[in-house]
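Take a look at the structure set out below.
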Amino acid sequence: MLKIDVIGDVHGCLQELKELFNKLGYEWKNGLPVHPQERTPVFVGDITDRGPSSIETIQFVYNMVIVQKQALYVPGNHCNKLYRFFKGNPVQETHGLETTAAEYRSLSAREQKKIKHHFLELVDTSPLYWELPEANAVIAHAGIRHEDIGLNNKRVKTFVLYGDITGAKLPDGRPERRDWAQHYRGEQWVVYGHTPVLEPRFVNQTVNIDTGCVFGNKMSAFRLPEEEIVSVPSSMTFVEEKFNTFSSLS
Ligand SMILES: [Mn+2]
């Protein structure tokens, strides 16, 4: 039995991430969290952008996942955009990428090279989503349809990174989304983030654990097999409009 602690969107909130590991019972060895009962942290993606410490968060997650090999990671849409930025592709420095880009540019050329290569390696060596049968779970940034589990094509990639978007925009500019979780009939857990919610949102065998730390609410983890939520409060300013109720088309 694999024991996992799935961590919601960090968005550069490294302080809260460390507090969350403390609350989850991790101990610190060489600056990295290790659980005495051999638990595996799984990052649900969007580790950077908007928060105060995106670059340090990249290094921290890299050390856990790549160097120490005691944690897992899947990319989110913000990770995908930062990946393209580091590859030198033209991307708009908006929606939080501007904070990560500013942190990056303040580094020395040597540090820039190191962090870029670490982030590219982290994304290149991680799957689009993790199927963890030993934990009876699938970890995907914005979720995944039951019938798509095991598939890996362009359509599934868009869904996993951005959710079930229709392509239309709501009057306030946010993308219109369908509520895929309402239709989920799988027996394994789908643990995801991406859309900030005030409380973890359980629907069928799915849970959204992006409790909007970077928008001042809290950072949450979902533990399996315990099916338990552990959260720590955010130190950021609360931005109420980011938690508008789900605009569901079903
Ligand atoms: Mn996201």
Looking only at region 35-69, which residues are open to solvent by 10 Å² or more (accessible area, probe 1.4 Å) and closer than 18 Å to GLU121 by Cβ?
-> ILE55, GLU56, GLN59, PHE60, TYR62, ASN63, VAL65, ILE66, VAL67, GLN68, LYS69
Output the residue which, of all residues in region 1-11 that are out of contact with any Cys (no Cβ under 8 Å at 6 or more places or on another chain) and in a loop (DSSP other than H, G, I, E, B), is least open to solvent (accessible area, probe 1.4 Å).
-> LEU2
Give region 36-53 a look and list any residue that's in contact with a strand residue (DSSP E or B) (Cβ under 9 Å, 6 or more places away or on another chain) and in contact (Cβ under 8 Å) with a residue 24 or more places away in the chain, or say none.
-> ARG39, THR40, PRO41, VAL42, PHE43, VAL44, GLY45, ILE47
Pick from LEU32, LEU14, LEU20: which is away from the ligand (no atom under 16 Å from the Cβ), surrounded by 16 or more Cβ atoms within 10 Å (Cβ to Cβ), without any contact (Cβ under 8 Å) to a residue 40 or more places away in the chain and over 17 Å from ALA137 (Cβ atoms)?
-> LEU32
Out of region 94-118, which residues are in contact (Cβ under 8 Å) with a residue 40 or more places away in the chain and within 16 Å of the ligand (Cβ to nearest atom)?
-> HIS95, GLY96, LEU97, THR99, THR100
Among what's in region 182-194 and is open to solvent by 30 Å² or more (accessible area, probe 1.4 Å) and in contact with a strand residue (DSSP E or B) (Cβ under 9 Å, 6 or more places away or on another chain), pick the residue that is nearest to the ligand (Cβ to nearest atom).
-> HIS194
Mind listing just one residue for me: the one in region 198-209 that is assigned to a loop (DSSP other than H, G, I, E, B), in contact with a strand residue (DSSP E or B) (Cβ under 8 Å, 6 or more places away or on another chain) and open to solvent by 20 Å² or more (accessible area, probe 1.4 Å) and, of those, farthest from the ligand (Cβ to nearest atom)?
-> GLN205
In region 214-240, which residues are part of a helix (DSSP H, G or I) and closer than 20 Å to ASN22 by Cβ?
-> VAL214
Per the filter on region 70-85, residues in a helix (DSSP H, G or I), open to solvent by 30 Å² or more (accessible area, probe 1.4 Å) and not charged (D, E, K, R) are ASN80, TYR83, PHE85
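The values are calculated or read from the model by the stated rules, or taken from the named source; none is laboratory data. Quantities reported herein were computed from a predicted structural model and do not represent experimental measurements. Because the Cβ atoms are built from the backbone with ideal geometry, glycine has one as well, and the counts that use them run over all protein chains shown. What goes into the accessible areas is simple: the full protein's heavy atoms, side chains included, and nothing from ligands, DNA or RNA. Shrake-Rupley method; radii C 1.70, N 1.55, O 1.52, S 1.80 Å.
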